[in-house]
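The values are calculated or read from the model by the stated rules, or taken from the named source; none is laboratory data. Keep in mind that this is a model prediction, so the values were computed, not measured. Every residue, glycine among them, receives a Cβ derived from its backbone with ideal geometry; neighbour counts consider all protein chains shown. Remember, those area values only see protein heavy atoms, side chains included, never the ligands or the DNA or RNA. Shrake-Rupley method; radii C 1.70, N 1.55, O 1.52, S 1.80 Å.
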Amino acid sequence: MTRSDTSPHAARYPAGAQAFPHRDLLGIGQMERHEILFLLDEAEQWVALNRQSAKHSDALAGLTIINAFFENSTRTLLSFEIAGKRLGADVVNMHAAQSSVKKGETLIDTAITLNAMRADAIVIRHGSSGATGLIADKVDCPVLNAGDGQHEHPTQALLDALALRHALRERGESADDFTGQTIVICGDILHSRVARSNLLCLQALGATVRLCAPPALMPVGIEAMGAEVFQDFDAALDGADVVMMLRLQTERMSGQFIPSAREYHHLYGLTKARLDKAKDDTLVMHPGPMNRGVEIDSEVADLIDRSIITRQVEMGVAIRMACLDVLTRRARGVEGWGEAA
Ligand code: NCD
């Protein structure tokens, strides 16, 4: 019997490897709705494990996972590292700042080098959109995208969905998917891979997604992806069930995109006064890192009954455990997932 057969929701996705037939996790854009639900359901066992004092499984014992991070990260890198270790794998982190990338090595040569070390999974964060796909083409093991430029950040969208599912369940709402939920994503949509992956993921799970940003920070033609587009934050918040705030990604900006941080905060900052005008149970999310006082006020970020920002971090570990477990099943010869390599 495969693990998916033991899931309480086994009826909603195909058995064995057909539940997630991809070698890599490069983007939500490549995933079917039932594949997203499968990964969320798989993560539940790891949420439970992570809440125990002894948080250890031997599922990935003997495997080597390389986290190759070409951009800064706190949450994503740490949670991938913790995830791999809790599954019993040997985890190695490669920081680009201290690597041969600084000596002029190409991305492809770095990929070939990591491959020659016989990694069993490679997790990559890179500043260029599409870089993780390029590496996936050159290596023999599963590649997980931990954020590529402005393109996608699939594990962030999955952890956000898991955090939301748990928060809604605690309120007694059925949260198997997000049908009927209106979710506002507000901030620097243009430069945000989190916004793109979340738009795809939340829509696949049935939510209505509103994107809100000043015109300079809204991608042209984004309506074609099915989002409702707003410039007025108060209008976007009207009737919203969830609001997800995004940081201004100044490191990706060339030139001036906003007149001043003060004006930006006035128009697009999530203050308590602004939240008070929304529904009285609107949930607040943020992928981190937060710039308190710019896109979100401390008073809101720390609201115990409304903010699920730390829950998002908690779910990040469980989601990454699920992704590493599922993607290595084939190589480990898990029954129903194909032959061991
Ligand atoms: C996001 C990222 O790196 O894209 N952070 C994260 O992974 N938690 C968002 C951001 O940097 O603002």
Item to complete: Being within 16 Å of the ligand (Cβ to nearest atom) and among the aliphatic types (A, V, I, L, M) is the filter; apply it to segment 298-341 and report the residue that is nearest to Phe20 (Cα to Cα).
Response: Ile319
Worksheet, complete the sentence: Here the qualifying pairs (Cβ atoms under 8 Å; residues six or more apart or on different chains; first in segment 314-332 and within 23 Å of Pro287 (Cβ to Cβ); second within 13 Å of the ligand (Cβ to nearest atom) and small (Gly, Ala, Ser)) come out as Glu314/Ala163; Met315/Ala163; Gly316/Ser79; Val317/Ser79; Arg320/Ser79
Discussion item. Looking at segment 169-200 only, could you name the residues that are touching a residue at least 40 places away in the same chain (Cβ under 8 Å), in a helix (DSSP H, G or I) and away from the ligand (no atom under 14 Å from the Cβ)?
Written reply: Leu200
Worksheet item: Which one of Glu295, Glu263 is over 30 Å from Asp90 (Cα atoms), acidic (Asp, Glu) and within 14 Å of the ligand (Cβ to nearest atom)?
Response: Glu295
Item to complete: Under 6 Å between Cβ atoms, at least 6 apart or on separate chains: pull out the pairs that start in segment 71-96 with a residue that is surrounded by fewer than 21 Cβ atoms within 10 Å (Cβ to Cβ) and among the β-branched types (Val, Ile, Thr) and end on any residue that is modelled with pLDDT under 95 and not in a helix (DSSP H, G or I).
Response: none
Worksheet item: If you take the residues in segment 73-92 that are among the β-branched types (Val, Ile, Thr) and within 11 Å of the ligand (Cβ to nearest atom), which one is farthest from Asn50 (Cα to Cα)?
Response: Thr74
Item to complete: Return the total of residues in segment 293-326 being open to solvent by 30 Å² or more (accessible area, probe 1.4 Å) and of a type in the set (A, V, I, L, M, F, W, C).
Response: 4
Item to complete: Mind listing whichever residues of segment 206-232 are surrounded by 20 or more Cβ atoms within 10 Å (Cβ to Cβ) and under 22 Å from Leu283 (Cα atoms)?
Response: Ala207, Val209, Arg210, Leu211, Cys212, Ala213, Ala227
Practice prompt. Could you please tell me which pairs satisfy a Cβ distance under 6 Å, a separation of 6+ or placement on different chains, a first residue in segment 23-37 that is touching a residue at least 24 places away in the same chain (Cβ under 8 Å), and a second residue that is open to solvent by 40 Å² or more (accessible area, probe 1.4 Å) and of a type in the set (Ser, Thr, Tyr)?
Written response: none
Worksheet item: Does Gly149 fit the bill of being open to solvent by less than 10 Å² (accessible area, probe 1.4 Å), farther than 30 Å from Ala48 by Cα and either within 13 Å of the ligand (Cβ to nearest atom) or of a type in the set (Phe, Trp, Tyr) (or both)?
Response: yes
